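Peer 1: Could you have a look at this structure, given as structure tokens, before my questions?
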Amino acid sequence: MSESTGAPESGKFRYRADMAPPEPAPVVAKRFTCPNCGGPVNLELPGKSVTVRCPKCSSILEPDHEVLKLRDKYNEQFPYRQWIPIGTEGILNGIKWKCVGMVVRGDDDGGTWSEYLLFNPYHGYRYLVESSGHWTLVEQVPGLGFDRSGRPGWYGPTGTIKLAGKKLRYFTHYRATVKNIIGEFPWQASIGETNEVTEYINPPYQASCENVTQYFDKEGRPVAIAALIAAEAKTSLVDSQDDDDDEQVDDGDVDVDAIIVDAIISKHGLTKRVTESNWSIGEYRHPEEIQAAFKLNEIPEKVGLGMCEPNPLRARYLLSLAITGLLFLATCGTCSVAAGRAEEKVVLDKAISLSTAEFELKKEGTTDYLEFSFEPGNIELNKETNVEFAFESTLNQEWISLNVFMIDEQTGRGFIYDGELSYYYGGSGEDKWSEGGNSTDFTTEKMPPGQYYLFVAGATNIGVNEFKRNLQVYGERVEAPPAVPATGPLSKAQPGKPGAKPITPVTPAAKPAGKLLPLDFFGKAKAPKLTLQMKAKRDVASIGWGVAFIFWLFGWNIYYYIRYRIKEGER
Amino acid sequence: MSVQSEDALKEVGQTAALVEDGSPLKLGATGSLDGKTFKIVGRIQYRHPVGYWNEWYLSMDKDQGDAWLGEANGMYFFTRLKKDAKLTPGLQITSINAGESVEIDGKEFFVKDIQTTKVVSGEGELPFAFEGEYEAPVVDCVREDGTFATIDFSETPPLVFIGRAVSFRELNLMHLRSVYGFKPADATPVAAGAQA
């Protein structure tokens with residue numbers, strides 16, 4: 001490749017390519033001596049790490065050219081359990097990572113968690129966060145989280161945010177304090193440092209935002225406020241316990257009295273500005289995966305539900321929701337087909353004046369009554385169907401009992417149903433009573449399709465006295481008996497309602513010939529009237545079951561949803 | 001030290017030596033992004049309050065001009081100089097907060113971070129010369145679609161670089177350095193297995 005490839009505009013300067021230094025010596029770990037205890041300190045990543053902790057005395061040191069400078073003096077042992085020891089290598093998603101540091105942080109509620117700092121020179125740093133036995137691999141994101149308004153998400157519950165192509169919802173906001181550190185870090189780590197953290201989740205993903213604030217002087221230059229606080233503390237004899245006063249840059253959240261900070265701000269005319277909005281995205285990792293990746297003998301026991309651990313009950317709830325959805329659709333489909341097939345069709349609607357019927361006087365004990373019969377006509381049933389009979393009359397201390405014969409004209413098969421109408425009343429005022437009514441209905445079982453011949457045989461006390469009187473006046477009239485219906489096997493008789501009066505069963509076959517009707521039975525005015533309506537009805541009971549089934553499905557769903565929400569509460 | 005101007009080498013002042021920052025990139029490394037191949041021909045090393053940052057000067061193959069690859073601790077940004085970019089009128093680095101919006105050529109960007117960096121050294125071919133260290137107040141901005149912009153206030157008017165953040169994998173880098181006991185083969189899952 002020629003030197004002029006990608007040549008900038010003429011007139012610009014450039015270094016000569018031959019000025020490039022020879023291949024630099026490989027960069028490897030360096031050994032130092034702790035300026036506090038004199039013990040050996042290994043710096044794994046010289047050139048990157050700006051903080052390293054002495055493994056012997058725990059002093060916080062800072063590489064400065066060829067020596068380590070003492071930043072924070074300690075003489076103690078690291079008190080936390082290191083599940084992944086510093087220096088351990090592991091392979092995650094096929095990439096080799098080396099654990100170079102560990103930060104223990106805690107919130108104000110006393111909860112603590114560990115952040116293992118993993119390093120690969122080509123891919124950079126990752127945090128492997130362990131909290132209550134749950135592991136999350138966290139990576140810094142170069143972008144910002146955007147809320148619904150299309151602006152960067154900020155402190156506090158901002159609903160949902162979009163980060164790195166993922167939508168996450170607000171979960172929590174807290175202040176995190178560095179409890180302890182071990183290993184080495186590419187930032188000026190110190191114990192006691194605090195950060196405001198906002199967390200968002202969408203299991204298995206989690207995102208967090210930590211903003212960095214910084215103080216500037218009147219010239220717009222960054223100011224190390226900790227140093228100013230220390231100076232202030234000395235001059236005003238305020239006792240300062242802070243050892244980390246020589247920080248070059250401060251995050252502005254040092255744990256000192258806000259009053260002192262305010263005093264210093266006004267004294268030096270400082271301005272506080274948010275200089276960084278650092279977003280990271282994490283993915284839940286199963287403990288077994290971490291154990292295998294780093295070949296760990298032991299890992300901490302899982303407690304509760306991890307912050308971004310996929311809720312196992314969520315899958316079950318969603319499955320139940322999906323099944324419910326499918327079954328709901330299936331049920332709706334079935335029901336609509338059933339409803340489509342369900343129909344109500346009037347097959348016969350007739351007002352019958354019994355004046356045209358044939359009557360015969362009968363006697364049951366001391367009770368006189370009339371037997372009659374008539375043929376309402378033929379009905380046609382197109383499909384297998386239930387038939388609803390509805391009889392109506394106008395009764396006045398009277399009763400009618402009816403036997404309906406339905407005879408299939410093709411097969412000769414017969415069906416018999418009975419019903420009864422009666423209406424009695426009496427008394428007055430408080431003692432007023434009535435019994436029965438002017439209508440009755442009953443529904444047959446399913447009738448096969450076909451042409452049916454109808455024959456109704458009934459009994460009544462209507463006009464019985466007039467009939468008797470007419471008999472005396474006019475005498476009997478003999479005529480050929482009416483066509484007795486062909487009686488096939490009676491499939492089933494639907495029992496009539498128990499009446500207020502004893503009903504004599506009427507059997508057309510037993511109808512005696514000879515005692516026939518008077519020619520002019522009580523005139524039209526007195527003739528009992530009957531309205532008969534027959535409806536062919538297709539059964540729609542399956543819809544009722546469908547509705548019940550859907551309710552059951554919803555109940556099932558609610559159960560799973562409640563279990564899912566309870567589990568969510570463990571986060 | 002000599003530097004060329006108008007294809008004639010011109011002497012420039014001595015700059016500080018590069019600091020070994022453990023970067024896995026080096027001059028002569030090649031790569032490709034979105035099918036466009038490039039070669040690293042130059043480098044500017046910046047110093048942050050903590051740590052170092054490199055802007056690698058890229059020569060794009062097939063006369064596709066030049067570009068920059070920002071790199072620090074495994075984060076990579078591919079940008080190109082946007083000439084005569086129109087910024088929010090009166091924009092000053094001393095008054096911006098992270099999260100606030102900045103307009104670049106009529107597009108709204110949001111400030112991600114504000115850094116007062118120092119240019120400490122350089123090597124190889126560069127499109128400009130510098131003498132000694134100089135301060136470079138820099139504002140990084142992003143858009144929701146992932147567009148990334150750096151506004152460099154070391155010049156007036158500020159220099160604007162526009163591009164996007166890229167992952168190591170996307171860059172298909174070759175001829176890398178071995179650092180800290182890691183070999184380039186440890187950078188990709190397939191090779192990592194073969195390397196062992």
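The values are calculated or read from the model by the stated rules, or taken from the named source; none is laboratory data. Please read these numbers as outputs of a predicted model, since none were measured by experiment. No Cβ is skipped: glycine too gets one built from the backbone with ideal geometry, and neighbour counts run over all protein chains shown. Remember, those area values only see protein heavy atoms, side chains included, never the ligands or the DNA or RNA. Shrake-Rupley method; radii C 1.70, N 1.55, O 1.52, S 1.80 Å.
Peer 1: Has the range B:178-187 got at least one residue that is modelled with pLDDT of 90 or more, within 11 Å of chain A (Cβ to nearest Cβ) and touching an Asp or Glu at 6+ places or on another chain (Cβ under 8 Å)?
Peer 2: There is at least one residue in the range B:178-187 that is modelled with pLDDT of 90 or more, within 11 Å of chain A (Cβ to nearest Cβ) and touching an Asp or Glu at 6+ places or on another chain (Cβ under 8 Å).
Peer 1: Of the conditions (1) among the polar types (S, T, N, Q); (2) surrounded by fewer than 18 Cβ atoms within 10 Å (Cβ to Cβ); (3) within 7 Å of another protein chain (Cβ to nearest Cβ), residue B:95 satisfies every one except a single condition; which number is it?
Peer 2: (3) is the only condition that residue B:95 fails.
Peer 1: Being over 19 Å from the mean Cα position of the chain (by Cα) and either without any contact (Cβ under 8 Å) to a residue 60 or more places away in the chain or open to solvent by less than 20 Å² (accessible area, probe 1.4 Å) (or both) is true for just one of B:112, B:107. Which residue is that?
Peer 2: Working: B:112 fails: over 19 Å from the mean Cα position of the chain (by Cα).
Unique residue meeting the criteria: B:107.
Peer 1: Right, something else. Give the range B:98-115 a look and list any residue that's among the acidic types (Asp, Glu), more than 8 Å from chain A (Cβ to nearest Cβ) and under 26 Å from residue B:56 (Cβ atoms), or say none.
Peer 2: As a first pass, look at the range B:98-115 and keep what is among the acidic types (Asp, Glu): B:100, B:103, B:105, B:108, B:113.
Restricting the remaining residues to those that are more than 8 Å from chain A (Cβ to nearest Cβ) gives B:100, B:103, B:105, B:108.
Answer for the range B:98-115, where residues must be among the acidic types (Asp, Glu), more than 8 Å from chain A (Cβ to nearest Cβ) and under 26 Å from residue B:56 (Cβ atoms): just B:105.
Peer 1: Restricting to the range B:70-89, name every residue that is in a strand (DSSP E or B) and of a type outside the set (Val, Ile, Thr).
Peer 2: Initial filter on the range B:70-89 (in a strand (DSSP E or B)): B:70-72, B:75-82, B:87.
Answer for the range B:70-89, where residues must be in a strand (DSSP E or B) and of a type outside the set (Val, Ile, Thr): B:70, B:71, B:72, B:75, B:76, B:77, B:78, B:80, B:81, B:82, B:87.
Peer 1: Can you name every residue in the range B:144-170 that is in contact with a Leu (Cβ under 9 Å, 6 or more places away or on another chain) and within 10 Å of another protein chain (Cβ to nearest Cβ)?
Peer 2: B:144, B:166
Peer 1: With the condition kept exactly as written, say whether any residue in the range A:129-149 is more than 14 Å from chain B (Cβ to nearest Cβ) and farther than 19 Å from residue A:201 by Cβ.
Peer 2: Among the residues of the range A:129-149, not one is more than 14 Å from chain B (Cβ to nearest Cβ) and farther than 19 Å from residue A:201 by Cβ, which makes the answer no.
Peer 1: Taking the range B:116-143 only, how many residues are open to solvent by 30 Å² or more (accessible area, probe 1.4 Å), within 9 Å of chain A (Cβ to nearest Cβ) and not in a loop (DSSP other than H, G, I, E, B)?
Peer 2: 1
Peer 1: So is residue B:85 facing chain A (nearest Cβ under 9 Å) and either more than 20 Å from residue B:170 (Cα to Cα) or not hydroxyl-bearing (Ser, Thr, Tyr) (or both) or not? Even if it seems obvious, please write down each step before you answer.
Peer 2: On the way: facing chain A (nearest Cβ under 9 Å): no; either more than 20 Å from residue B:170 (Cα to Cα) or not hydroxyl-bearing (Ser, Thr, Tyr) (or both): yes.
Against the criterion (facing chain A (nearest Cβ under 9 Å) and either more than 20 Å from residue B:170 (Cα to Cα) or not hydroxyl-bearing (Ser, Thr, Tyr) (or both)), residue B:85 does not qualify.
Peer 1: Out of the residues in the range A:436-452 that are open to solvent by 40 Å² or more (accessible area, probe 1.4 Å) and in a strand (DSSP E or B), which is farthest from residue A:392 (Cα to Cα)?
Peer 2: The extreme case among them is A:451.
Peer 1: Which residues, counting only those in the range A:81-127, are at positive phi and of a type in the set (Gly, Ala, Ser)?
Peer 2: To start, the set of residues in the range A:81-127 that are at positive phi comprises A:87, A:93-94, A:110, A:124.
Within the range A:81-127, A:87, A:94, A:110, A:124 qualify.
Peer 1: Follow-up. Taking the criterion of being over 56 Å from the mean Cα position of the chain (by Cα), closer than 21 Å to residue A:453 by Cα and open to solvent by 20 Å² or more (accessible area, probe 1.4 Å), would at least one residue in the range A:417-427 satisfy it?
Peer 2: Taking every residue of the range A:417-427 in turn, none turns out to be over 56 Å from the mean Cα position of the chain (by Cα), closer than 21 Å to residue A:453 by Cα and open to solvent by 20 Å² or more (accessible area, probe 1.4 Å).
Peer 1: Considering only the range A:85-180, give the strands (runs of 3 or more DSSP E) lying wholly within it that have at least 3 residues that are of a type outside the set (Ser, Thr, Tyr) and open to solvent by less than 20 Å² (accessible area, probe 1.4 Å). Break it down into steps so the answer makes sense when it comes.
Peer 2: Details: elements: A:89-92, A:95-106, A:112-120, A:124-131, A:134-141, A:160-163.
The strands (runs of 3 or more DSSP E) meeting that bar are A:95-106, A:112-120, A:124-131, A:134-141.
Peer 1: Pull out all pairs, ordered by first then second residue, where Cβ-Cβ is under 8 Å, the residues are six or more apart or on different chains, the first lies in the range A:130-152 and is closer than 10 Å to residue A:279 by Cα, and the second is open to solvent by less than 10 Å² (accessible area, probe 1.4 Å) and assigned to a loop (DSSP other than H, G, I, E, B).
Peer 2: If the second residue must be open to solvent by less than 10 Å² (accessible area, probe 1.4 Å) and assigned to a loop (DSSP other than H, G, I, E, B), the pairs left are A:144/A:153; A:145/A:153.
Peer 1: Of everything in the range B:30-64 that's of a type in the set (Gly, Ala, Ser) and assigned to a strand (DSSP E or B), which residue is farthest from the other protein chains (Cβ to nearest Cβ)? Give the steps one after another, and end with the answer.
Peer 2: The initial filter retains those residues of the range B:30-64 that are of a type in the set (Gly, Ala, Ser), namely B:31-32, B:35, B:42, B:51, B:59.
Adding the requirement that they be assigned to a strand (DSSP E or B) leaves B:31-32, B:42, B:59.
Working: B:31: 12, B:32: 14, B:42: 6, B:59: 3 Å.
Filtering the range B:30-64 for residues that are of a type in the set (Gly, Ala, Ser) and assigned to a strand (DSSP E or B), the one farthest from the other protein chains (Cβ to nearest Cβ) comes out as B:32.
Peer 1: Just the residues that are out of contact with any His (no Cβ under 7 Å at 6 or more places or on another chain) and of a type in the set (A, V, I, L, M), please, taken from the range A:80-118.
Peer 2: We begin by selecting, within the range A:80-118, every residue out of contact with any His (no Cβ under 7 Å at 6 or more places or on another chain); these are A:80-94, A:96-118.
A:84, A:86, A:91, A:92, A:100, A:102, A:103, A:104, A:117, A:118, listed by residue number.
Peer 1: Residue A:327 fails exactly one of the following numbered conditions: (1) assigned to a helix (DSSP H, G or I); (2) surrounded by fewer than 15 Cβ atoms within 10 Å (Cβ to Cβ); (3) not aromatic (Phe, Trp, Tyr). What is the number of that condition?
Peer 2: Only one criterion is unmet by residue A:327, namely (2).
Peer 1: Among the residues of the range A:272-305, which ones are modelled with pLDDT under 90 and crowded, with 18+ Cβ neighbours inside 10 Å?
Peer 2: A:273, A:274, A:275, A:276, A:277, A:305 - these are the residues of the range A:272-305 that are modelled with pLDDT under 90 and crowded, with 18+ Cβ neighbours inside 10 Å.
Peer 1: While we're on this one: Kindly indicate the residue of the range A:31-54 that is touching a residue at least 24 places away in the same chain (Cβ under 8 Å) and closer than 27 Å to residue A:295 by Cβ and also surrounded by the fewest Cβ atoms within 10 Å (Cβ to Cβ) among those meeting that condition. Spell out the reasoning first.
Peer 2: Within the range A:31-54, the subset touching a residue at least 24 places away in the same chain (Cβ under 8 Å) is A:32-37, A:41, A:43-45, A:48-53.
From what's left, closer than 27 Å to residue A:295 by Cβ: A:41, A:43-45, A:48-49, A:52-53.
Values: A:41: 24, A:43: 19, A:44: 21, A:45: 26, A:48: 27, A:49: 25, A:52: 29, A:53: 27.
It comes out as A:43.
Peer 1: For residues in the range A:40-66 being out of contact with any Lys or Arg (no Cβ under 6 Å at 6 or more places or on another chain) and over 23 Å from residue B:181 (Cβ atoms), which is modelled with the lowest pLDDT?
Peer 2: That would be A:64.
Peer 1: Does any residue of the range A:408-418 turn out to be on the phi < 0 side of the Ramachandran plot and at pLDDT below 85? Give the derivation first.
Peer 2: Within the range A:408-418, the subset on the phi < 0 side of the Ramachandran plot is A:408-411, A:413-418.
Applying the additional criterion that residues be at pLDDT below 85 yields none.
The answer is no; no qualifying residue exists.
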